[in-house]
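The structure appears below as structure tokens.
The values are calculated or read from the model by the stated rules, or taken from the named source; none is laboratory data. Just so it is clear, the model here is predicted, and its values are computed rather than measured. A quick note on method: Cβ atoms are made from the backbone with ideal geometry, for glycine too, and the neighbour counts reach across all protein chains shown.
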């Protein structure tokens, strides 16, 4: 497939396990690809479970000033207009979680405290502080059975919230997802061709709504099934190497020589 000049392309990507290595948060392998994307004038939008503060603190490393999505589709942050809020507040979410503690066993980020967040994520203290400053969601360390997890997710949905499995945590947020945010970004950038990259179940709604859904394997979760994207690609490599593996040939298709 050759990209025609009429295509206005947008790249939407998860961070952990995609642009960033899940274990050491390295990213050097994606930098040459990001430079090529910049040459083509293609925006790269982070659509992440991370907080606003986390991405703002790191995006200069990626030379990125694009809009971005935080906390699994809970809010779209624009560079030139007010944020668009799609989810619920953290306070509302924790009121619901507190009412479920007798029936289900879990620990929230608030329960873990800063030391616990550092232990579970491997983040440096400064980064763990930013990860803890959530506005629209609450990550959980699940301490119960798989059967109970299914019941918990059903109960969360009954109460108007969403439970999403991420790379490390079960995230509870409002009635939104990364796919809804992708459609807002498509309109904002006037894009008629979206490439999305993800590695976890919380990325599926985003991948399904893309024109090319790029799946990067995650050793800690089941293989993703994406059936709605017109074109689905799967990498052999993990993390940044898998991201570069998939994006490089797509960029080759974009080049004028194609």
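Can you pull out every residue in region 108-150 that is closer than 11 Å to residue 170 by Cβ and surrounded by fewer than 15 Cβ atoms within 10 Å (Cβ to Cβ)? Don't jump to the end; show me each part of the working.
Step one: of region 108-150, the residues closer than 11 Å to residue 170 by Cβ are 108, 137-144, 149.
Correct list: 143, 144.
Condition check for residue 248 on (1) under 22 Å from residue 62 (Cα atoms); (2) out of contact with any strand residue (DSSP E or B) (no Cβ under 6 Å at 6 or more places or on another chain); (3) crowded, with 19+ Cβ neighbours inside 10 Å; (4) touching a residue at least 12 places away in the same chain (Cβ under 8 Å): one failure, at (3). The requirement of being under 18 Å from residue 202 (Cα atoms), modelled with pLDDT of 95 or more and assigned to a loop (DSSP other than H, G, I, E, B) is fulfilled somewhere in region 49-61, by at least one residue. Under the condition of being at pLDDT below 95, closer than 22 Å to residue 179 by Cα and surrounded by fewer than 19 Cβ atoms within 10 Å (Cβ to Cβ), the residues counted in region 206-219 number 1.
Residues of region 24-73 being over 28 Å from residue 6 (Cβ atoms), surrounded by fewer than 17 Cβ atoms within 10 Å (Cβ to Cβ) and in contact with a helix residue (DSSP H, G or I) (Cβ under 8 Å, 6 or more places away or on another chain), which ones? First the steps, then the outcome.
First, pick out the residues of region 24-73 that are over 28 Å from residue 6 (Cβ atoms): 24-29, 31, 48-61, 70-73.
Filter once more, keeping what is surrounded by fewer than 17 Cβ atoms within 10 Å (Cβ to Cβ): 24, 26, 28, 31, 56-57, 59-61.
Within region 24-73, 26, 28, 31, 57 meet the criteria.
Among the residues of region 154-171, which ones are touching a strand residue (DSSP E or B) at 6+ places or on another chain (Cβ under 7 Å) and more than 20 Å from residue 199 (Cβ to Cβ)?
First, pick out the residues of region 154-171 that are touching a strand residue (DSSP E or B) at 6+ places or on another chain (Cβ under 7 Å): 156, 161-164, 167, 169-171.
Of everything in region 154-171, those that are touching a strand residue (DSSP E or B) at 6+ places or on another chain (Cβ under 7 Å) and more than 20 Å from residue 199 (Cβ to Cβ) turn out to be 156, 161.
I need the full set of residues from region 74-105 which are in a strand (DSSP E or B) and in contact with a helix residue (DSSP H, G or I) (Cβ under 8 Å, 6 or more places away or on another chain), in order please. Those that are in a strand (DSSP E or B) and in contact with a helix residue (DSSP H, G or I) (Cβ under 8 Å, 6 or more places away or on another chain): 75, 76, 77, 84.
Considering only region 23-48, state which residues are touching a strand residue (DSSP E or B) at 6+ places or on another chain (Cβ under 6 Å) and either in a loop (DSSP other than H, G, I, E, B) or more than 19 Å from residue 78 (Cβ to Cβ) (or both). The answer is 27, 37, 42, 43. Scanning region 74-97 for residues that are out of contact with any strand residue (DSSP E or B) (no Cβ under 7 Å at 6 or more places or on another chain), surrounded by 11 or more Cβ atoms within 10 Å (Cβ to Cβ) and over 12 Å from residue 159 (Cβ atoms) yields a count of 2.
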